[in-house]
Amino acid sequence: MTNPLAIREARIEEIETLIALREAMFEAMGHEASRIEAARPSMRAYFSEHMASGAFRVWVAEADDRIVASIGLVIHSIPPSPRNHVGKEAYVMNLVTLPAFRRQGIAKALLAHLLEVVRTEGIPVVSLHASNDGRGLYESLGFRVREDVPEMELWFENILQ
């Protein structure tokens, strides 16, 4: 990296770059290229609609005059509870750095920036799904696995066909 790192909110006209980063993330996770390609129109529609409405916010890191990493944020509205009087939860997604720029602190800088945004907006809890590669980064910033809330899921596979 020859130029200093710049972090800024992504612009709607950068959707194709953001999709390419998301695809790189899925490739690194071992997803089949044909399934990634099949998801591209849905990703484009989601980014277009939800970035425009503010329901999905994205920050990018620029280095060497190009976008090299991104991180996304969705704020969920939930019923307030004894642990969360505000009734809001932040969900982090799409933290991805291009391979040539990994292990340089870019992902950590993006995540720290996003966490400061969430803290400033008064949202008391942040969650994410961690890959094995990302777990150490998240733990270094205070994330922990919650043993008291075992997450379960049910997939309707026929919907994806």
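How would you rank 9-15, 79-85, highest first, on the average number of other Cβ atoms within 10 Å across their residues?
Numbers: 9-15: 14.0, 79-85: 8.7.
Descending mean neighbour count gives 9-15, 79-85.
Percent of Cα pairs in the chain per distance bin of 5 Å, from zero to the largest separation: 1, 8, 15, 19, 21, 18, 11, 5, 2, 0. With each label modelled as a point 7 angstrom along the Cα→C-beta vector, the Ala6-Glu151 pair spans 3.4 nm.
Extending 7 Å from the Cα toward the beta-carbon at both Asp133 and Ala20 defines two label points whose distance is 1.8 nm. Just grab the label-to-label distance for His76 and Glu62, each label 7 Å out from Cα along the Cβ direction, in nm (one decimal). Placing both labels 7 Å along Cα→Cβ, they lie 3.3 nm apart.
A helix-only calculation puts the chain at -11000 deg cm²/dmol for mean residue ellipticity at 222 nm, using -39500 (n - 2.57) for each DSSP H run of at least four residues, averaged over all residues. Each semi-axis of the equivalent ellipsoid for region 52-114 is √(5λ) with λ an eigenvalue of the Cα gyration tensor; in descending order they amount to 29, 13, 8 Å.
Computed from the coordinates by the stated procedures, all read-outs in this text should not be read as laboratory data. Since the structure is predicted, the reported quantities are computational estimates derived from the model, not experimental observations. Note that we place each Cβ from the backbone using ideal geometry, even for glycine, and neighbour counts take in every protein chain shown.
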